[in-house]
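One structure below.
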Amino acid sequence: MYQIDFILGGWIHCKLPSGGALNITTLSSYLKPSTDAPHFLMDLIQSSTTSLVLILDLTPRKDLILNPDYLKTYYEDTHLDTYRQRLLTLPEVRPYFSPSFYIRALLSPTAILVSIDTGGGEKSIEEIIQEHISPIAKDVMQFWLDKCACLEKQVGETEMAYLAKRDQIIKNKTIEVDLGSSFPRLFGEEVSAQILGVLREYYDA
């Protein structure tokens, strides 16, 4: 039985004033409030042919300090942090720090946030994606499917109401704080208003 509520995938292409283009590929998978398992998030942000930012995470839905068993179950015992460590051994890879405090607060301790720059290097972005990012993303996705999305789990009514409220706040904040601040700069007020309007309707914001 799948616990998936909905999946949102998107690709944004926008020409930059400085030249070149910005390409953002995103995949967000939300689970139902009947389970407290983490959501799935992946963003690929590319502003040139030699640079890429990767955000890959199972975003927690409970306070990790107040719920140490949740931290242990989904993050410590799973060894998800080894994927981030593995990527950081590559000379082209550096840690990435999101300018959004909201995004930083949303992510887990094992989140992969890295920037990749192949300028002047031996490998291309495409090679790094194929040889390193793709296998890691597939492993993380498979774990999420097996242990989160497809695992039978039922929380109580009180917790279900809390999770539904929390998930809705996250959806609203994603539009308001993240997309709402960047889309007008990328597409202008009129186009961004249309896009955000569709997203609000879809998110039931």
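The values are calculated or read from the model by the stated rules, or taken from the named source; none is laboratory data. Here the structure is a predicted model, which means the values were calculated and not measured. With ligands, DNA and RNA removed, areas are computed over all heavy atoms of the protein, side chains included. Shrake-Rupley method; radii C 1.70, N 1.55, O 1.52, S 1.80 Å.
The alpha-carbon of Lys171 sits under 28 angstrom from the alpha-carbons of these lysines, leaving out residues fewer than 8 places away in its chain: Lys15, Lys32, Lys62, Lys72, Lys138, Lys147, Lys153. Accessible area per residue (1.4 Å probe, heavy atoms of protein chains only) ranks Phe6, Phe101 as Phe101, Phe6, with the largest value leading. Inter-part distance, the range 119-174 to the range 1-62, computed on C-alpha centroids, equals 9 Å. Accessible area per residue was computed with a 1.4 Å probe on protein heavy atoms; His79 scores about 120 Å². For the Cα trace of the range 114-154, dividing Rg by the Kirkwood Rh returns an Rg/Rh value of 1.25.
Taking amide H as placed 1.01 Å from N in the peptide plane, Asp5 has its amide H under 5 Å from the amide H of Tyr30, Leu31, Lys32, each at least 5 places away in sequence or on another chain. Summary value for the chain: 21 percent relative contact order, contacts being C-alpha pairs under 8 angstrom separated by 6+ residues.
Computed over protein heavy atoms with a 1.4 Å probe, the carbon and sulfur contribution to the accessible area of the chain reaches 57%. Accessible surface calculations at 1.4 Å, restricted to protein heavy atoms, place the range 34-91 at 46 Å² per residue.
How would you classify the range 1-95 from its alpha-carbon gyration tensor, with a ≥ b ≥ c the square roots of the eigenvalues: rounded for a/c under 1.5, else prolate if a/b is greater than b/c, otherwise oblate? It is oblate, given that a/c is not under 1.5 and a/b is not larger than b/c.
Take every pair of alpha-carbon atoms less than 8 Å apart whose residues are at least six positions apart; their mean separation over the length of the range 84-185 yields a relative contact order of 24 percent.
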